[in-house]
1. Shielding of C:231-238 by partners, i.e. mean partner chain Cβ atoms within 10 Å per residue?
2. Which GluC sites (Glu not before Pro) in region B:107-136 sit in a loop by DSSP (not H, G, I, E or B) and have at most 14 other Cβ atoms within 10 Å of their own Cβ?
3. What ³J(HN,Hα) values, in whole Hz, does the Karplus curve 6.51 cos²θ - 1.76 cosθ + 1.60 give for region B:247-261 when θ = phi - 60°, with x put for Gly and Pro?
4. First select every other residue whose beta carbon is under 13 angstrom from the beta carbon of B:Ser201; then total the charges, Lys and Arg +1, Asp and Glu -1.
5. Of the residues C:Gly32, C:Gly219, C:Gly141, which exhibits the maximal mean-square fluctuation in a Gaussian network model of chain C defined by a 10 Å Cα contact cut-off?
6. Using only protein heavy atoms and a 1.4 angstrom probe, determine the accessible area buried between C and B, summed over both sides, in Å² to the nearest 100.
7. Which residues' amide hydrogens lie under 5 Å from the amide hydrogen of B:Ala343, considering only partners 5 or more residues apart or on another chain, with H built in the peptide plane?
8. Please give the average number of partner chain Cβ atoms lying within 10 Å of the Cβ of each residue in C:81-87, rounded to a whole number.
Amino acid sequence: MAGAPKYRPGLGLSASRRGTEEGPWVKWSLVGAALAFSAVFLVLPLVNVFVQALSKGWGAYEAALADPDSWAAIRLTLVVAGLTVPLNLVFGVAAAWTIAKFDFRGKAVLVTLIDLPFSVSPVVAGLMLVLLFGLQGSLGPWLDAHDIHVLFALPGMVLATVFVTFPFVARELIPVMQATGSEQEQAALTLGASGWQTFWHVTLPSVKWGLLYGLILCNARAMGEFGAVSVVSGHISGLTDTMPLRVETLYQEYAGTGAFAMASLLAVLALLTLALKSWLEWRTQRGYARAERAPVSAPRP
Amino acid sequence: MSIALRQVSKRFGGVAAVKEVSFTVNEGELVALLGPSGCGKTTVLRMIAGLELPTAGDIWVRGQRVNDLSVRQRNIGFVFQSYALFKNMTVFRNIAFGLKVKKWKPADLRQRVTEMLQLFGLEGLEHRYPHQLSGGQRQRVAIARALAPKPGVLLLDEPFGAVDAKIRQELREWLVRLHHDLNVTTLFVTHDQEEAMEVASRIVIFSGGRLEQMGTPREVYEAPANEFVARFIGVMNVLEMEVRGGVARLGELEFPAPHHAESQRLRVGFRPYAVQISPDLEQYRYPAVLRHTFFLGIMLRLELELPSGLTVRARMTKEEYAHLGLEDGRPVSFQIRQYRVLATETAPLTPEVAASYAAPPTFGEHI
Amino acid sequence: MDEKRFNPLPGFGLTMGYTVLYLGVIVLVPIGALVLKASALTWGQLWELATNGRALAAYRLTFGASLVAALINAGCGALLAWVLTRYEFPGRRWLDALVDFPFALPTAVAGLTLANLFAAQGWLGRFLVPLGIAGAFTPLGVVIALTFVGLPFVVRSLQPVLANLEREVEEAAATLGASRLRTFCAIIAPSLLPTVLTGFALAFARAVGEYGSIVFISGNLPFKTEIAPYLIVIRLEEFDYAGATAIASVLLVLSFVILGLVNALEGWANRWQG
């Protein structure tokens, strides 16, 4: 029943010239659908933040941000991120070194455990800290007796943020370190370098972009975390409100412009994060391309 | 004695990678560790450097037992097969690294690096990064980096493996000259017997984690300790023969074997160069037909077929071939000037058993 | 040291020790606190607290909306990944960068702007609400927010797989006379399926735990638009630690189940790489 293939105009799936491409009609419908979906779920929400923030004019925007409680929220966010990111940085580097450079039993279990916080709901993470440090909890009474405040204070918020951003640096760093192998490190050792010298001069420079990538993601999440911090912070305006919590406070006070003004700062942070991330990805890809096109001059033995 | 191994063994999990290896390398020697891939030669090199720990045995470097010294304390120059250049450092900083971590004074460091750049023909490239260098240049940077801190011994893992065939030849000659100039005890790993023969003053041959033979290129070629070495170094005709009446026989071929028992089976080997050919059918003992000639440049390889169907490989120069007026399909006569009994059939021929075969090498002249 | 593979690099003891210690203090001890609290309750109490009417309604909404959102993401995410890797069109690179926007944007901001967009006077709401499609303060709003939050998972999982797909296989199918649709259904789709499922599971897991964006858009009405994480917060505010723990336990166990599922799926997906 093999008839001659019929040319059916307009039906892109069979009318493709090379047989491995869709026809233009199909292609542009797919692109159009993807763009429409992205417009509703990505572009409009982003643009809306800035439009709403500036809807009452630049003056109202500035006034909303000048509120002392808003300033306190910005400061607190910076402090929390400033403490969280270095903590997870040190951990990420240590974990990546152990996992990427050594073979040991239970490695797969360790990697799974490191990824665990990603699959725990932030609210549940916050609850765990409440159960641990709250007055009803395991350590609460002892801490209270020694006048140490963890919950509804900075330490609890940092711990909650560290929990939810725990895997970022490690999971970016591990594949990069695995890919570079250990031969450069071994070469450094044969040349007489100590472990620290090897790490600083050989390992760190070769993973710095991966490390930066992890740091950027970790920082974005640390500054933007809502659920876990909300549970342990106690929502005290001017004291334990971070920027995302401040957005909620203002929203519940029906201060729409204020909420959007604060949100616009966080949206700028998100855009900066995306820009840095894209730049890093572009850099890495260019690095590969450059290595492939490396000029090879005539050898002189 | 610069490097000495005493009964060194290495196991990875349940697998014995190196089995009771002992050998000595003298000060200033250039020695090749030769063997097929997976024979344990690289493991031996890495154990000398301290990149692997031996399971048993002692390793001595320049009179000092180094088993308990870490890599960085051994003062060894190591060149990795992939070179392992520091990608984020320029040529200059790569070479300077070993000096820097040993806290050389800046002026001395600069002078030493400049010296190395000159010695290795790398002037003008000191600010390039590894990815901007050719394969040959990378190799020279790797060796310069290893030699800059004046190591006691230089170890190279497959130094010619990563460069293409064309420049490999030049690099071999260059390495010999460099070794001659610097006189550093040098040990290199290779799987290429030609390379080992050409470059090294002595060769250590490994197979299956065991040391098969150590000797000069001439010794291992002319007096292989066993069949493995004989087959691995150069081409050899190996025949399985049976002793009858004090003579080992196979087809038309006969070799006197007065010391072997009746009906014992022997493996006998002879090099292609030991086969003498004449177009005069009466001149030599065995008749044959020249089946095929392979042109390998200046040397030719010939395949002779005896009436019984046995095939023998021979070689000669182009000039000799032309002089004798040979061509494919032509009947000839030949004789075998030199042969060796490689093994007796009473012992099966694993390399291990071949190595333990204690009979002294028997050279025979045969008409 | 003898039988184990020797490694000349230093620092294993130090980094391993620190990794395990830090992991223990930050992650395992808090999880332990939850397990301890839950184990102080009897099975009956736990069951009672975890399955009362309000909690059941919250699970229904959480899991139902998460499932719908993850399904939308599987479909639209696959479409986005396909378009981004296979086609060249103006603004492709911008769109590619923007896909990570839901990861970068704090969820509170996402909730705030989505609630505003779909509200009666919002840019989208003014067209949709008259049609009877109310986004804000409805279960639909929950689905919208969860779709936004989980959007990058499927796209980012699929992109490398699509890029590595051998074009020769498709060309082979074409030379054998298969139509493009046939090639897609018989050759391309089956090799993408495990990855789509992985992305789906990741998006679902993320959606189940999501809190920040929902608070703004759902209105948090008990039995109607209240999600399980929000109910935990309510129980905490009522100082009902046992109730909070019971619901959290359900979510935690589910997280672990999904985590195991994702690992299994990734193993399955990698089998295709040969």
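1. 3
2. Passing both the DSSP loop test and the Cβ count: B:Glu123.
3. Taking θ as phi minus 60°, the curve returns 10, 7, 10, 7, x, 7, 6, 9, 10, x, 9, x, 8, 9, 6 Hz for region B:247-261.
4. Cβ neighbours under 13 Å give a net charge of -2.
5. The residue with the greatest mean-square fluctuation here is C:Gly32.
6. 700 Å²
7. Answer set, sorted by chain and number: B:Arg267.
8. Taking all residues of C:81-87 together, the mean is 4.
The values are calculated or read from the model by the stated rules, or taken from the named source; none is laboratory data. Given the structure is predicted, the values throughout are model-derived calculations rather than measurements. FYI the Cβ positions are ideal-geometry reconstructions off the backbone, even for glycines, and counts take in every protein chain you see. Surface areas here come from the heavy atoms of the whole protein model, side chains and all, with no ligands, DNA or RNA. Shrake-Rupley method; radii C 1.70, N 1.55, O 1.52, S 1.80 Å.
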